[in-house]
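Peer 1: Quick one: the structure is below, and I'll ask about it shortly.
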Amino acid sequence: MLISNGKQKLTSFTKNYKEAVIEITSGVWFVFGVGHSNAIFIEGATSILLIDTLDSLERGKKLANIIRNHTEKKVKTILYTHGHPDHRGGAGAFSESVSEIIAFEPKMAELEKTAFLKDIQTLRGARQFGYALDDNEAISQGIGIREGVVYGEQRAFVSPTTCYQQDKVIREIDGIQLELVRLVGESEDQMMIWLPQKEVLCCGDNYFGCFPNLYAIRGGQYRNLATWINSIDFMLSYPAKYLLAGHTALIQGKEKIHEVLTNYKNAMDYVLNETLKGMNEGKNAEQLASEIHLPAEYADLPYLGEYYGCVEWTVREIYAAYLGWFDGNPTNLHPLSPEQKASKTVKLMGGKENVFAAAQTALKERDYQWCLELCDLLIQIDIDKTILEVKATALEKIAEYETSANGRHYYIACAKELRNKISKEFPDNDVVL
């Protein structure tokens, strides 16, 4: 979301990530702010059960020291709430003591041949997470402190030894009763863990303390929003006294948990329903993305700020998932190529010089989105150093308005890539803006 004080809002939200180790109830500790993700460790009769392992080997070792400071028992069991690397990158720190690592198989397998997209998804993922940015540029990763990999730390993955294909499993491990449920939402293998003896519900990444990534700008398969909403409904059926998420702070108290999860679910449901309603009325994705916003009753809640996901991106993803690329306008069945359209549009606007002058004026007037769109028209026709420089500057400026850490990272990372391109391909020419 672009707003005048976007950077300040994200910075203020990020100040919440102060390191803390909290024994929320007897024998259950919540580890917050030590890694990009959270971890939970539970004391059994003779051993420790660990839910998630933080995001790097170095942070996993720090987690191991934290556990040793609270108990002499060894970690024997690890449960992965899901397979994302920021939740299992520290597993190697526990290899010597662990005897079982539990996870769920994805409910739906990824599309065949997705591996062909490895390079572009890696590039876009690095932009989204700000891996090439410094701390001042990146601030945070929205739902937590920056991953250890940006500081040269290593991931140490260890594969699950027990991988369930059914949706629900009841276990007792070292005296601790566990109900494990596969709840599809942020991922297809998402695990909810209910500890009935402790009244603790661990929900993984199906709840964040901000608007969720219902669409990741790095690209990926559709995250079925209706299914995610149903998963939150299922979570609401449990009488939890403590809700522990894979990111952001714990929520305590049955009434508070019910209130937060209900609002979270309703906000997602609102976006889905309004988008589908508008689609049925014949509106296209861009119309709907510009029209649909969270009502104040949700937008003003501290746990629904757009610091990670974005309503606008979600609307476009819903449109693509339900109706595909075609917006119903026959003009768009066989559109001009981007190069043809840019050439004809620039000619109609009086030529490249006029368009570039308009881009410079937009930059000076802080009309950064319009500046970017004008630059892209020119870039389709000819890659010129001065145009690239103006676009890079506009990207840096618009990033200051972005509340989403992912969006901010993407703007700044692309600006840096453009400046690197300029230095390599146009090393001898000065640019005057």
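The values are calculated or read from the model by the stated rules, or taken from the named source; none is laboratory data. Computed from a predicted structure; not experimentally measured. In this analysis, Cβ positions are derived from the backbone assuming ideal geometry, glycine residues included, and neighbour counts consider all displayed protein chains. Side chains are part of the model used for accessible areas, which takes the heavy atoms of the whole protein and leaves out ligands, DNA and RNA. Shrake-Rupley method; radii C 1.70, N 1.55, O 1.52, S 1.80 Å.
Peer 1: Restricting attention to segment 94-113, which residues are open to solvent by 30 Å² or more (accessible area, probe 1.4 Å) and outside any loop (DSSP other than H, G, I, E, B)?
Peer 2: GLU100
Here is a yes/no grid of residues against (1) more than 26 Å from TYR131 (Cβ to Cβ); (2) within 29 Å of the chain's Cα centre (by Cα):
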{"residue": "ALA342", "(1), (2)": "yes, no"}
{"residue": "THR345", "(1), (2)": "yes, no"}
{"residue": "GLU365", "(1), (2)": "yes, no"}
{"residue": "GLN369", "(1), (2)": "no, yes"}
{"residue": "GLU373", "(1), (2)": "yes, yes"}
{"residue": "THR393", "(1), (2)": "no, yes"}
{"residue": "GLU402", "(1), (2)": "no, yes"}
{"residue": "CYS414", "(1), (2)": "no, yes"}
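Peer 1: Need the failing condition index for GLU188 against (1) free of Cβ contacts under 8 Å to residues at least 40 places away in the same chain; (2) farther than 13 Å from LEU79 by Cβ; (3) surrounded by fewer than 22 Cβ atoms within 10 Å (Cβ to Cβ), just the number.
Peer 2: Single failed check for GLU188: (1).
Peer 1: Any idea which of PHE116, PHE157 is within 24 Å of GLU58 (Cα to Cα) and either in contact with a strand residue (DSSP E or B) (Cβ under 6 Å, 6 or more places away or on another chain) or aromatic (Phe, Trp, Tyr) (or both)?
Peer 2: PHE157 is the lone residue from the list that is within 24 Å of GLU58 (Cα to Cα) and either in contact with a strand residue (DSSP E or B) (Cβ under 6 Å, 6 or more places away or on another chain) or aromatic (Phe, Trp, Tyr) (or both).
Peer 1: Can you work out which of the residues in segment 386-424 that are touching a Ser or Thr at 6+ places or on another chain (Cβ under 8 Å) and open to solvent by less than 50 Å² (accessible area, probe 1.4 Å) is nearest to ILE217 (Cα to Cα)?
Peer 2: Out of the qualifying residues, it is ALA405.
Peer 1: In segment 1-92, which strands (runs of 3 or more DSSP E) lie fully inside it and hold 2 or more residues that are open to solvent by less than 20 Å² (accessible area, probe 1.4 Å) and not acidic (Asp, Glu)?
Peer 2: Strands (runs of 3 or more DSSP E) meeting the threshold: 28-32, 39-43, 48-51, 75-79.
Peer 1: If you take the residues of segment 237-273 that are outside any helix (DSSP H, G or I) and open to solvent by 50 Å² or more (accessible area, probe 1.4 Å), which of them is farthest from MET1 (Cα to Cα)?
Peer 2: Checked segment 237-273; the qualifying residue farthest from MET1 (Cα to Cα) is PRO239.
Peer 1: Go through segment 274-369 and tell me which helices (runs of 4 or more DSSP H), entirely inside it, have 2 or more residues that are open to solvent by 40 Å² or more (accessible area, probe 1.4 Å) and closer than 20 Å to GLY407 by Cβ.
Peer 2: Answer list for segment 274-369: 285-291, 311-323.
Peer 1: Same structure, new question: Could you please find all residues in segment 221-235 being open to solvent by 50 Å² or more (accessible area, probe 1.4 Å) and of a type outside the set (Ser, Thr, Tyr)?
Peer 2: Of everything in segment 221-235, those that are open to solvent by 50 Å² or more (accessible area, probe 1.4 Å) and of a type outside the set (Ser, Thr, Tyr) turn out to be GLN221, ASN224, ASN230, ASP233, PHE234.
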